[in-house]
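Since the structure comes first, as structure tokens, the remarks are kept for the end.
The values are calculated or read from the model by the stated rules, or taken from the named source; none is laboratory data. A quick note: this is a predicted structure, and the numbers were derived from the prediction, not measured. Neighbour counts are summed over all protein chains in view; Cβ atoms, including those assigned to glycine, are modelled from backbone coordinates with ideal geometry. The area values use the complete protein model at the heavy-atom level, side chains included, leaving out ligands, DNA and RNA. Shrake-Rupley method; radii C 1.70, N 1.55, O 1.52, S 1.80 Å.
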Amino acid sequence: MTKLPQLQLDLDAIEQRFSDCRAWEERYRQLLLLAKGLGKADPTLRQEAHLIDGCESDVWLSFEQQQLQLDSNAKIIRGLLVMLLACLDSYPLSQAQSEFAALLKRLGLAQHLSESRNNGLQGIWQAMYAIAQGDEQTFCR
Amino acid sequence: MSQTAFRSLFPCFSTKDRFPVYLDSAASTQLPQSVIDAQVNYCRAGHANVNRSGHTLARQATDKFNQTRQLVAAHIGAQAEQLIWTSGTTDAINTVASGLTHLLTADDEIWTTELEHHANLVTWQQLAATTGASLRYIPVLENGDLDIAHFEAQLSKRCKLVAIAHVSNTTGTINPVARVARLAQQFDAKVLVDGAQAVAHLKVDVNQLDCDYYVFSGHKMYGPTGIGALYGKPAALDALQPSKFGGEMISKVSLSGSEWNQLPYRLEAGTPNIIGALGMGAAAQFLADIEFNERHRHERQLLSYALQQLSTHPEVELLAKPMLQTSVIAFRLRDIHPQDAATLLDQQGIALRCGHHCAMPLSAKLSDVGSLRISFGLYNEPADVDALMQAIDHCVELLGDD
Ligand SMILES: Cc1ncc(COP(=O)(O)O)c(C=O)c1O
């Protein structure tokens, strides 16, 4: 059983999609396409108890029966969640966060890492660290 | 003065790097050259602490500082001795709230409104919690106006304080604060008006409003951050117990106790933000130097142009249509999350605010996912609205194709 049921693309596939992007429009078109590739979450995910603090948009996260599920009502965040899942799939938890940051920088999306945007990415990592309690392999296959 | 003339007074718009289309003046305004100069020149010429040392440089600084108090007081039609320096609106509201704690009991009511900035809402929640008083809210109607009739019907002698924004930072609604003050004063309740969003746009006269307190920030009226003011009627300021201690707020200290200085010093503990105050004074002067009608006309034209453009755009939903509005518009794009829109607008060099605008209760009422907010300053021009509309089209095109 996979711990990341919503995972559909790996890191190579994601980088591939952005490799020809020049203008910001192309990058965001790809990101919005990625958003559509976020696997469906359980309908029960979107509830208050799963909401992450500190987001301008809503982000829901649950880890039940060893399965991580994530969702957001903002498309750009959903696209970023696809990248986040791919990082979790390839790296242990604490490394996944730095790889995720490096990926965003490489793809010209670094502005989403800024604290001031308050977009909840930091909150997602914190929630995952809280769940993992030091077990780096919690979300890996 | 022509539009471009206003803009040319603000150096940030002529920097070589591409400066954004700045539509976020409700969060903070840009600084004109004169305000920058006032602060820089003072620092360059040499600085001294005020109200303390007696040497010539200190006396000069003190004189300048006191003239500045007068300038800022005059901006709202007040006298210098009625004006307390604070670090901003939030600080001023907190000074009033802690200062009034001793007067409130569990039988009393504090009234505020559903459209307040958190600074003018949470502070009263806290005061209610510490004193046991009840906190009540003037409701917001569908169009973004306040339901004053509700307030009038519910108001009783239990009410001790009404705290209300002059202008909403989320919808731009201009509230009928003079009327609210008249109603409240029938029951001897004190009235605090949060003028943070009003002082750069309206002609404010505290005597005409007849409020007990009026609070505002320097950085929303073309001044620097970290400085603001609390105006109070003499009796209203007298009623405030100091909540910060030290410095020139004290007149006499012995080991068994201390006595407080007279107003306004009694409520100004520690060395004031002298440089900030000079900047805020220069901002008041900057506004005084432009004829009010000229500023007003410019801002009205911008607002109505923006409202017309936004309200006729098929993908734009205006979230409030107040009867009286100034310089702020709340809206969203159909079927598009405001955060997605804001990200793509930012990519196109449009600086606006997205989210709850520090007014969560109101925001939740207007839209379940937050909103977009544009707000104007003197430096904005119709071309900024055109740039926004173009960017919105592009945004809809990118986000809409599902
Ligand atoms: C209506 C209103 N009140 C209070 C504040 C708080 O002002 P400051 O952060 O300068 O203390 C703001 C700022 O956004 C505001 O718009």
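In deg cm²/dmol, rounded to 500, what helix-only [θ] at 222 nm does the protein assembly as shown give when every DSSP H run of at least 4 residues adds -39500 (n - 2.57) and the total is split over its residues?
-12500 deg cm²/dmol
Show the residues, 5+ positions off or on another chain, whose built amide H is closer than 5 Å to the amide H of B:ILE227.
Residues meeting the criterion, in which the H sits 1.01 Å from N, are B:GLY218, B:HIS219.
Within the range B:174-198, whose backbone N sits under 16 Å from a point 7 Å along Cα→Cβ of B:LYS157?
Backbone N within reach: B:184-190.
Quick one: Karplus J couplings for the range B:102-109, per residue in order, coefficients 6.51, -1.76, 1.60, θ = phi - 60°, nearest Hz, x for Gly and Pro?
Each residue's phi maps through the Karplus curve to give 5, 9, 9, 10, 5, 7, 8, 10 Hz.
Suppose each label sits 7 Å from its Cα in the direction of the beta carbon; what would the B:HIS118-A:LYS36 distance come out to in nanometres?
About 3.7 nm separates the two model spin labels.
Among the listed pairs A:LYS40/A:LYS75; B:LYS220/B:LYS365; B:LYS64/B:LYS252; B:LYS321/B:LYS365; A:LYS75/A:LYS105, which have their C-alpha atoms separated by more than 23 angstrom in this model?
Pairs exceeding the cut-off: B:LYS220/B:LYS365; B:LYS64/B:LYS252.
For the range B:74-115 and the range B:188-254, compute the distance between their C-alpha centroids and round to whole Å.
Computed from Cα coordinates, the inter-centre distance equals 7 Å.
Quick one: which residues, 5+ away or cross-chain, put their amide H under 5 Å from the amide H of B:GLY144? H built at 1.01 Å from N.
Hits under the 5 Å cutoff: B:LYS321.
Need one number: nm distance between label points at B:ALA5 and A:ALA13, each 7 Å from Cα along Cα→Cβ, rounded to one decimal.
Going by the 7 Å Cα→Cβ label model, 6.3 nm.
Once the piece of chain linking B:GLN79 and B:HIS394 is laid out straight, how much longer is it, given 0.36 nm per residue of separation minus the C-alpha distance between them?
Taking B:GLN79 through B:HIS394 to full extension adds about 108.3 nm, to one decimal.
Which of the residues in the range B:339-367 show a loss of at least 50 Å² in accessible area from their chain by itself to the complete set of protein chains, at a probe of 1.4 Å?
Output list: B:GLN339, B:ASP340, B:THR343, B:GLN347.
Take the Cβ-Cβ distance between B:ALA58 and B:SER256 as r, set R0 to 41 Å, and report the resulting FRET efficiency rounded to the nearest 0.05.
Efficiency computed from Cβ-Cβ geometry: 0.85.
Would you mind working out the magnitude of the charge dipole of chain B relative to its Cα centre, with +1 at each Lys and Arg C-beta and -1 at each Asp and Glu C-beta, to the nearest 20 Debye?
1340 debye
Once you charge only the Cβ atoms, +1 for Lys and Arg and -1 for Asp and Glu, what is the size of the charge dipole of the range A:11-139 about its Cα centre, to the nearest 20 debye? Working shown, then result.
Details: 12 positive and 17 negative charges, 111 e Å.
Once rounded to the nearest 20, the dipole reads 540 debye.
Considering the Cα positions of chain A, please state its Rg to one decimal place and its Dmax as a whole number of Å.
Looking at chain A, its Cα Rg and Dmax stand at 14.0, 42 Å.
Towards the positive end of the charge dipole of the range B:232-359, with charges on Cβ (+1 Lys, Arg; -1 Asp, Glu), say which of B:LEU287, B:SER258, B:MET323 has the farthest Cα.
Checking the options against the dipole of the range B:232-359, the answer is B:SER258.
Mind listing the phi-derived Karplus ³J(HN,Hα) values for the range B:377-389, rounded to whole Hz, using 6.51, -1.76 and 1.60 with θ = phi - 60°, and x for any glycine or proline?
Karplus values, whole Hz, x for Gly and Pro: x, 4, 7, 6, 9, x, 4, 5, 5, 4, 4, 4, 5.
Computed on protein heavy atoms with a 1.4 Å probe, what is the summed buried accessible area for the chain pair B and A, in Å² to the nearest 100?
1600 Å²
Where in the range A:1-36 does accessible area fall by at least 30 Å² between the isolated chain and the complete protein assembly, at a 1.4 Å probe radius?
Buried-area filter returns A:TRP24, A:GLU25, A:TYR28, A:ARG29, A:LEU32, A:LYS36.
Under the rule of at least 5 residues apart or a separate chain, name every residue whose amide H is placed under 5 Å from the amide H of B:VAL191.
B:VAL162, B:ASP212, B:TYR213
Using Cα positions and a limit of under 16 Å, work out the aspartates and glutamates in reach of B:LYS244, with same-chain residues fewer than 8 apart set aside.
Within the straight-line limit of under 16 Å, B:LYS244 reaches these aspartates and glutamates: B:ASP91, B:GLU259, B:GLU268.
Quick one: with all protein chains in place, what share of the accessible area of the protein assembly as shown is carbon or sulfur, to the nearest percent (1.4 Å probe)?
Working: 11250 of 23120 Å².
Percent of accessible area from carbon and sulfur atoms in the protein assembly as shown: 49.
In chain A, if the dipole is taken from +1 on Lys/Arg beta carbons and -1 on Asp/Glu beta carbons about the Cα centre, which of A:LEU93, A:LEU31, A:LEU113 is farthest to the positive end?
A:LEU31
Starting from the 7 Å offset along Cα-to-Cβ, what nm value, one decimal, do you get for the label separation of B:PHE19 and B:HIS150?
The answer from the label model is 4.2 nm.
Using the alpha-carbon centroid of each, what span in Å lies between the range B:5-72 and the range A:17-41?
Between the Cα centre of the range B:5-72 and that of the range A:17-41, the gap is 45 Å.
Could you tell me how many cubic angstrom of Cα convex hull volume chain B has per residue?
144 Å³
Multiply the residue gap between B:SER243 and B:HIS296 by 0.36 nm, knock off their C-alpha separation, and tell me the result in nm, one decimal place. Walk me through the intermediate numbers first.
Numbers: separation 53, 0.36 × 53 = 19.08 nm, distance 3.82 nm.
Stretched fully, the B:SER243-B:HIS296 segment lengthens by 15.3 nm.
Taking the Cα of A:TYR129, stepping 7 Å toward and past its beta carbon, and measuring to each backbone N in the range A:81-100: which are under 16 Å?
A:92-100
Whole-Hz Karplus ³J(HN,Hα) for the range A:36-49, in order, using 6.51 cos²θ - 1.76 cosθ + 1.60 and θ = phi - 60°, x for Gly and Pro?
5, x, 6, x, 4, 9, 4, x, 7, 5, 7, 9, 2, 5
Under a 1.4 Å probe, what is the accessible area of chain B per residue, stated in Å²?
For chain B, the per-residue accessible area is 41 Å².
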